[in-house]
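Structure first, commentary second.
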Amino acid sequence: MAQHIAQKLRLTSALLGTVTRKELAAAFRAVNPKTAFDLGRADKWLQGRAQPREYAVYDDWAKLLRLEQPGAWIADSDLPQFAAAIASRHGVDRAELERRAAAQFEATAHDEKSVGLALAGTYACYSRALSPYYRGQLIRGNLSIEPGAGAHSLSAAYRESLPTGQLLLGGPVTPAKRGLYAHLKESGGDAQFFLCLFPQSQPGSVLGGYMCGSSIIGPEPQPSITRILIIRLRDPAPDAAAWGGYLLPDQSIAEDLAALGMSIDQPGLVDRQLAQFLIGDSDVANQVPPAEFRAILDIFDRHWLRHSG
């Protein structure tokens, strides 16, 4: 079984002088343009959360390091054996190689920790109401992001104050190069929301993108998607857990933020910009009407039953 893959990749990166994952992936492509070593999976491999399952990756690795041993040896060897072999093959001091690998890992971990710290905080969230009883209105929620126990762990808690009571969902937050993602599940219930957001940028004052889930209040759940704005609050109110609820049809987001302690310059202009983002091509959330789906369901259920058995 493959072992110590993250540490072996760091030693390889230190040996080659590849500072970034992109440079390391380019080095693998140089020995095999069709290599299965790619950036997306490399993130998990370097973090120790997964390991290559395709042995072709280890074969490419052996070619990259110009080793006499086969790719299977890279997977199976223990860490001291691997470090000694590549140091000897390339005529470098093993202790110096290990020092460089450790320093490079610490710098990467610091960068990832900085991303987590930059995201941690309390946010006011605005999206289109999913409930058919509040169609066309906005709803405000409260999102808090906190660092988790692990080096790469972030967790979020999302709250809405609904007429039926508090809705609380929580789950992991995953920063990535192409986006920021959160899968939130209801505590003690079965509601789920998935957030697909633009990547976080400095100084991290606002996040935005899409929220996908099913309507909570209504005669039946409707699969739905809506744009969402997630605005960071510098000094959140003490009663943050009680935030949230449907805004009145003509209620100003800028005024709502002012009530939360965020004074906005040119509130009229800001309201128009926020409304444009949230509304997009429609003034309501994008939902699948149950009747339309049932009509399709009827067609294929009948076809399935006619041809069963």
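Looking only at residues in the range 122-156 that are of a type outside the set (A, V, I, L, M) and under 16 Å from the mean Cα position of the chain (by Cα), the one that is modelled with the lowest pLDDT is Gly150. The residue pairs whose first member lies in the range 186-205 and is farther than 17 Å from Ala124 by Cα, whose second member is assigned to a loop (DSSP other than H, G, I, E, B) and open to solvent by less than 90 Å² (accessible area, probe 1.4 Å), and whose beta carbons are closer than 8 Å, counting only pairs six or more residues apart or on different chains, are Ala191/Ile216; Pro199/Ala176; Pro199/Gly179.
Kindly indicate whether any position in the range 222-229 is assigned to a helix (DSSP H, G or I), closer than 21 Å to Glu160 by Cβ and among the β-branched types (Val, Ile, Thr). Checked the range 222-229: no residue is assigned to a helix (DSSP H, G or I), closer than 21 Å to Glu160 by Cβ and among the β-branched types (Val, Ile, Thr). Going by the structure shown, is Arg49 of a type in the set (D, E, K, R), closer than 25 Å to Thr174 by Cα, surrounded by fewer than 14 Cβ atoms within 10 Å (Cβ to Cβ) and at pLDDT below 90? Taking the combined requirement at face value, the residue satisfies it. Among residues of the range 2-23 that are part of a loop (DSSP other than H, G, I, E, B), those with a Cβ under 8 angstrom from a residue that is among the charged types (D, E, K, R) and open to solvent by 60 Å² or more (accessible area, probe 1.4 Å), sequence gap 6+ or separate chain, pair up as Ala2/Asp76; Gln3/Asp76.
The requirement of being at pLDDT 95 or above and either within 18 Å of Leu257 (Cα to Cα) or of a type outside the set (Gly, Ala, Ser) (or both) is satisfied by Ile228. Under the condition of being part of a helix (DSSP H, G or I) and either open to solvent by 10 Å² or more (accessible area, probe 1.4 Å) or not hydrophobic (A, V, I, L, M, F, W, C) (or both), the residues counted in the range 24-44 number 10. Exactly one residue among Leu67, Leu119 is modelled with pLDDT of 90 or more and either crowded, with 17+ Cβ neighbours inside 10 Å or in contact with a Pro (Cβ under 6 Å, 6 or more places away or on another chain) (or both), and that residue is Leu67. Considered as a group, the residues in the range 1-19 that are of a type outside the set (A, V, I, L, M, F, W, C) and open to solvent by 60 Å² or more (accessible area, probe 1.4 Å) include one that is farthest from Asp76 (Cα to Cα), and that residue is Gln7. Can you pull out every residue in the range 247-266 that is assigned to a helix (DSSP H, G or I) and either open to solvent by less than 60 Å² (accessible area, probe 1.4 Å) or among the hydrophobic types (A, V, I, L, M, F, W, C) (or both)? Correct list: Ile253, Ala254, Asp256, Leu257, Ala258, Ala259.
The values are calculated or read from the model by the stated rules, or taken from the named source; none is laboratory data. Please read all numbers here as calculations on a predicted model, not as lab measurements. Don't worry about glycine lacking a Cβ; one is built from the backbone with ideal geometry, like all the others, and counts go over all protein chains shown. Ligands, DNA and RNA are stripped out before the accessible areas are found, and what is left, the full protein with its side chains, is counted by its heavy atoms. Shrake-Rupley method; radii C 1.70, N 1.55, O 1.52, S 1.80 Å.
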